[in-house]
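Structure record follows, encoded as structure tokens.
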């Protein structure tokens with residue numbers, strides 16, 4: 001039996017969804033909520049398989065509900081059913097933990113199939129929504145820091161503080177040759193020309209706070 005909680009601030013919408021889902025074999029409406037705070041309470045208390053969630057609700061909106069469920073590690077799968085159709089809401093909802101995203105104009109069969117799919121842990125998006133999501137994700141600039149290893153990030157942080165290789169080696173318990181190797185790798189991976197550019201990059205990407213950048217020295221030193 002698939003247990004569902006319906007969260008929507010419009011009574012007529014909840015009634016319609018309850019009638020629709022309760023008529024389906026293998027689906028039970030375990031609870032309802034008229035606002036985001038009540039939705040969270042219902043999910044915590046009832047632990048449904050699927051939460052049917054509107055994004056625009058009083059007290060706590062749908063995005064806040066998604067963030068809370070994600071942060072709490074709740075296992076309920078969320079199907080967003082909303083009047084919002086713009087790209088920003090779609091992308092943010094999926095990034096925040098929504099498994100599926102359907103407009104309220106979706107057909108009855110689509111909603112039922114999406115609920116069943118969500119209970120299986122499978123995502124359902126309309127073709128147009130899928131295209132918009134892929135376009136947004138493909139257009140997102142990758143984080144250049146991800147190319148660095150944790151140790152390279154440590155070295156970059158010390159470079160930004162204006163420390164020479166010898167000081168970095170002592171601070172990180174490395175040999176100077178290893179530090180030199182890390183610095184060369186950092187510059188190559190980030191496409192930077194020298195240590196000064198590396199220090200500026202580290203500051204721009206918040207690797208070090210402004211008051212620590214370049215330290216007491218006039219500039220980053222090699223040795």
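Starting with the fewest neighbours, write out 175, 83, 185 ranked by other beta-carbon atoms found within 10 Å of each beta-carbon.
175, 83, 185
Can you put 181, 88 in order, fewest other beta carbons within 10 Å first?
Ranking 181, 88 by Cβ neighbours within 10 Å, fewest first, gives 88, 181.
Can you pull the Rg over Rh of region 144-212, Cα-only, Kirkwood?
In region 144-212, Rg relative to Rh is 0.92.
Counting only C-alpha contacts under 8 Å and six or more residues apart, can you give the relative contact order of region 2-139 as a whole percent? Provide the component values of the computation, followed by the final result.
On the way: 242 pairs, mean separation 28.0, N = 138.
Computed over region 2-139, the figure is 20 percent.
Enumerate the whole-percent occupancy of each 10 Å bin, from 0 to the last occupied one, for all C-alpha pair distances of region 2-139.
Going out from 0 Å in 10 Å bins, region 2-139 shows 13, 49, 33, 5, 0 percent.
Suppose a student asked you for the relative contact order of region 68-125, using Cα pairs under 8 Å spaced at least 6 residues apart; what percent would you report?
The normalised contact order for region 68-125 reaches 36 percent.
What FRET efficiency would be calculated for the residue pair residue 13, residue 143, taking the C-beta separation as r and a Förster radius of 41 Å, to the nearest 0.05?
Efficiency at R0 = 41 Å is approximately 0.55.
Using Cα centres only, tell me the gap between region 139-210 and region 99-118 in whole Å.
For region 139-210 versus region 99-118, the Cα centre distance is 47 Å.
Could you tell me the largest-minus-smallest coordinate of the C-alpha atoms of region 1-50 on each of the three principal axes, in descending order and whole angstroms?
29, 24, 10
What order do you get for 27, 168, 200 when you list them from fewest to most C-beta neighbours inside 10 Å?
On the way: 27 20, 168 24, 200 15.
Placing the least packed residue first, the sequence is 200, 27, 168.
Please give the length that would be gained between residue 44 and residue 113 if that part of the chain were fully extended, namely 0.36 nm times their separation in residues minus their C-alpha to C-alpha distance (nm, one decimal).
So the extension gain works out to 22.4 nm.
Can you give the relative contact order of region 144-212 as a percent, counting alpha carbon pairs under 8 Å and 6+ residues apart?
39 percent
Contour minus end-to-end for residue 206 and residue 153, with contour as 0.36 nm per residue of separation and end-to-end as the Cα-Cα distance?
17.9 nm
At a Förster distance of 45 Å, what's the computed FRET efficiency of residue 172 paired with residue 20, Cβ-Cβ distance as r, to 0.05?
Once rounded, the FRET efficiency stands at 0.15.
FYI, it's all coordinate maths here, none of it is from the lab. Quantities reported herein were computed from a predicted structural model and do not represent experimental measurements. Every residue, glycine as well, gets a Cβ built from its backbone with ideal geometry; the counts of neighbours run over all protein chains shown.
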